[in-house]
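Here is the structure we will look at, set down as structure tokens.
The values are calculated or read from the model by the stated rules, or taken from the named source; none is laboratory data. Just so it is clear, the model here is predicted, and its values are computed rather than measured. Don't worry about glycine lacking a Cβ; one is built from the backbone with ideal geometry, like all the others, and counts go over all protein chains shown. Ligands, DNA and RNA are excluded from the accessible area calculation, which covers all protein heavy atoms including side chains. Shrake-Rupley method; radii C 1.70, N 1.55, O 1.52, S 1.80 Å.
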Amino acid sequence: MRRMLAVAGVMLIVLLGVALGGTVSAPGAGQPRYLDAHASTKDRVNDLFHRMTLAEKVGQMDQIVIGKLRDRTSPANGDCNNAGGNNDPLQTTCLQRVLIDYHTGSILSGGTDNPAMNTGRGWAEQYNTIQHYAVEHSRLHIPVIYGVDAVHGFGHPFEATLFPQSIGMGATWDTDLAKAAGAATRRQLLATGGNWNFAPVQDLARDNRWGRYYETWAEAPVLASAIGGANIQGLQGGGFDSPQVAATVKHFAGYSQSINGHDRVEAQLPIRYLQDVLLPPYAGGIDAGAATVMVNSGSINNVPATSSHYLLTEQLRHRLGFKGVVISDYGDVPALQTAYHVATDFPDAIAKAVNAGVDVSMTPFDYVGWNNGLIQNVQNRRVSMKRIDQSVRRILTLKFQLGLFDHPFVDPDQADAAIKANRDLALKAAQESITLLRNQSNALPLSPSAKVVVTGPSADSVANQLGGWSVSWQGVFDAGNHVCCMGPPDQIPPATTVLEGMQALGSNVVFAPDQAAAVAALGSADAAVVVVGERAYAEGLGDDPTPMLRADQRSLIAALMATGKPVIVVVIAGRPLGLGPAETADALLMAYLPGTEGGAAVADVIFGRVNPSGHLPVTWPSAADQNAGDFNTGGPSTAGDEPKFFDQLPGTNFGQGSGYNARYAFGFGLSYTTFQTSGLSVTSTVSRNGTVTAAFTVANTGSRAGAEVVPVYVHQPVSEVIAPPKRLVGFTRVNLGAGESRVVHVSFAVSELAVTPYDIDGAGRPKVEPGSYQVQVGSLTADFSVRR
């Protein structure tokens, strides 16, 4: 009786602390070890773990969409079988059934799951309501972990500051900036409750037909690893053992390399290609300390990734050394039965996924089926208790590391200010991302006093400028965009468009709403700025078999060019597009999807306040409206015909048009000043486990300050396994004043040169071949050798 009274007293203290918004820990004799904030994470996990029933453990392995907590159609007994809408309140009966009766350990707010009050405060209050119920009503007071997609900042609250989408951040080649942007996103999430962020995408850019192309950092593994790793470090605010927010490396693995450029379809990948090209960016994110990994929704070599033990255990756990939580993507466990037909029923699908290595299923609806199915599998010995215990320990460890047991709630009074902060940083990111692709006769920069006509469908469009994952899954409301799932018309973010940015800096800027007005206005103007590109989209709704400027945009550009006046084309898009007449415009800027401050950044570059320094993180393929590639005469590849990468493998086609054939090569980008690189030297001999350092001088030989991006490549003259002509192994970004020079050092691990050895069927661990190599920096070369 004394023991029962003591435990009851501790629980009362805990609940009083919860009610007052404090921690769930309460010092004192008889307190459960797991509630002691001063105990080690290992001890706390062990103590809680041994108190849990099988049903409570199984519930921790499930993530349910928030709509299941809003079900307004449920009968009095609270079945909660239907997902309510965003304007429906959270239902107590559903909170009880999902969180308590079925012990669900994680809640998801997906792409369209905004609270009725879609502000920072609204998100914080919604999170607190759910978390209070979980902590106060569950037997062991276990908090939920709350999942969101904060892809370029926390994009859902409509007043949030948003950064360039990932492809634009990749164009900065600036790891410090990527880390700072991650840290800014972390502060947004900590204020609003999203402690598990399903970002960043560490898939490589492979095919610009794919609707998620803009969510990738780069086509080169080293660049994607570096930018993504830095972003993860900023996002988590701590290493693997001490994250403030859990980052997610996704989508493991090979998600971006489908057979036809469509989202969530099959991939056929040689293991050598998978290991040597596609896996390194995921490894970079894992090495940066990412707490979680999300699985590829597609199949690889006819096996769904979600059920692949080879992928999720052999590769991810054993070879890459990942020790954190693995989560499926949306609905992918039940899809093993319903879409892939490799499972006979839901319990069979659950067994396949869990045995493959999935720790948490983003189910996201059938919490009853998950709970009952996994318990049934344990009872039938289709899934071992050892395997359940592995997952639950990982999940509990993450919750303790995130501080959810000690500080489970957020302060709604701080939330609005947090999501609106860091606009200066977002502006800097947009400025650094903008890539100058063409500048004939120094058409740019324009004088602020020049009379400029601004036109084009993206000149004054917040929706186009932000892209998907902004306010809602498919982006900001746009009456002319025929997709589902956009934000409501009364939730337009306070962004600066290109027109607004131009008008703020130029003294004589006029807007022309259509082609006729633009041509007429240009007659008395000095230049035209035409802003073109794509409407917002996300995921499969953005798949495009022929990515190019639409006919009306090409017509507008051609009509303006026909006047003989200078025409500056600004492309706002999530991928390289076939450009048509824009290829010969006086100036061409790629702005990507530049975020809330993107319009101001474009204006800064056009009027010369900022010297452009972005460099392409991907190859810009040749336009589909030109020669599509004749076998006899050669010719450019089509816009959707990637891979045509800078490190294309050599062949014996004798130059018949199937080699690397870019319109603008990987790493290309112009500046308003000029640079020169000289004096290359490298480490002469190194072991397979060593590090090579390249030293060289970068000089600004022009008349104004600027930043230069210098890629460092390695060429392998002779190799056992065919190697690309050059591989990116490192890079530097150097800010230099006019006439300034600086010696820089770029180091890279020799392991970057590892390839899968042996014959066509090679599948062993990648190894570095000993022998001769050559570092290439621009036109400079220096040799080094790797010892046996």
R688-V265 FRET efficiency (beta carbon distance; Förster radius 25 Å; 0.05 resolution):
0.10
Label-to-label distance, nm, for residues given as S785 and H137 (7 Å Cα→Cβ offset)
7.2 nm
What list of ³J(HN,Hα) couplings, whole Hz, do you get for region 568-575 from phi and the Karplus terms 6.51, -1.76, 1.60, once you set θ to phi - 60° and write x for glycine and proline?
10, 9, 10, 9, 10, 7, x, 6
To check my understanding: the extent here is largest minus smallest coordinate of the Cα atoms along each principal axis. What are those three numbers for region 77-213, in Å, largest first?
54, 31, 28
Give me, ordered by chain and number, the residues 5 or more places off S299 or on other chains with an amide H under 5 Å from its own placed amide H.
E266, A267, A305
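Could you sort 358-368, 466-476, 406-416 so that the peptide with the highest average Cβ count within 10 Å comes first and the rest follow in order?
The peptides rank, most packed first, as 466-476, 358-368, 406-416.
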Phi to ³J(HN,Hα) by Karplus 6.51 cos²θ - 1.76 cosθ + 1.60 over region 45-52, Hz, x for Gly, Pro:
4, 4, 5, 5, 4, 6, 8, 8
Among rounded, prolate and oblate, which fits region 484-571 when a ≥ b ≥ c are the square roots of the eigenvalues of its C-alpha gyration tensor, a/c under 1.5 means rounded, and a/b larger than b/c means prolate?
oblate
Computing the accessible area with a 1.4 Å probe over protein heavy atoms, can you report the carbon and sulfur percentage for the chain?
52 percent
Residues of region 525-612: accessible area per residue with a 1.4 Å probe, Å²:
24 Å²
Estimated FRET transfer efficiency (E314, S751; beta-carbon r; R0 30 Å; 0.05):
0.95
Take the Cα pairs of region 264-417, get the Kirkwood Rh, then feed it into Stokes-Einstein at 20 °C and 1.002 mPa s and tell me D in µm²/s.
128 µm²/s
Sticking with the crude label model, points 7 Å out along Cα→Cβ, report the distance from K386 to D345 in nm, one decimal please.
2.8 nm
Can you list residues whose amide H is under 5 Å from F675's amide H, if they're 5+ apart or on another chain and H is modeled 1.01 Å from N?
T701
Name the lysines eligible as straight-distance cross-link partners of K399: C-alpha to C-alpha under 26 Å, and not fewer than 8 places from it in the same chain.
K42, K57, K68, K179, K250, K323, K352, K386
Counting only Cα, what are the radius of gyration and maximum Cα-Cα distance Dmax of region 671-713, in Å?
14.1, 43
Count the DSSP beta bridges whose two residues both fall in the chain, then state the antiparallel fraction as a percent rounded to the nearest 5.
55 percent
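Given R₀ = 35 Å, FRET efficiency for A517-R704 by Cβ-Cβ distance, to 0.05?
0.50
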In vacuum, with every alpha carbon of region 209-251 counted as one equal point scatterer, what does the Debye formula give for log10 I(q)/I(0) at q = 0.23, 0.30, 0.34 Å⁻¹? Two decimals, please.
-0.82, -1.06, -1.16
Using helices alone, what [θ] at 222 nm do you get for the chain, with -39,500 (n - 2.57) per DSSP H run of 4 or more residues, divided over all residues and rounded to the nearest 500?
-8000 deg cm²/dmol
Between F511 and residues 5 or more places away or on another chain, the pairs with built amide H atoms under 5 Å apart involve V454
Would you please state the base-10 log of I(q)/I(0) at q = 0.06, 0.10, 0.11 1/Å for the chain, with intensities from the Debye formula using one equal scatterer on every alpha carbon?
-0.39, -1.04, -1.23
What list of whole percents do you get for P(r) of region 403-517, with Cα-Cα distances grouped in 10 Å bins up to the one holding the largest distance?
11, 28, 33, 18, 6, 3, 0
Three semi-axes of the equivalent ellipsoid, region 671-745, Cα gyration tensor, whole Å, largest first
29, 14, 9
Which of the lysines could a cross-linker bridge to K451, judged by Cα under 18 Å and excluding same-chain residues fewer than eight apart?
K565
Surrounding charge for G690, neighbours by C-beta under 13 angstrom, Lys/Arg +1, Asp/Glu -1, total +2
Hey, rough spin-label estimate for A479 and S681, points 7 angstrom out along Cα→Cβ, what's it come to in nanometres?
6.7 nm
Can you tell me the orientation of helix 346-356 relative to the chain, as the angle in degrees between its alpha-carbon axis and the longest Cα principal axis, to the nearest 10?
70 degrees
Taking the solvent-accessible surface of protein heavy atoms with a 1.4 Å probe, what is the per residue accessible area of region 300-341 in Å²?
39 Å²
Using the Karplus curve 6.51 cos²θ - 1.76 cosθ + 1.60 with θ = phi - 60°, work out ³J(HN,Hα) for each residue of region 101-109 in order, rounded to whole Hz, and write x for Gly and Pro.
5, 10, 6, 4, x, 8, 10, 10, 9
Distribution of pairwise C-alpha distances over region 722-779, 10 Å bins, in %
16, 40, 25, 13, 5, 1
Quick numbers on region 237-343, Rg and Dmax over C-alpha atoms in Å, give 13.7, 41
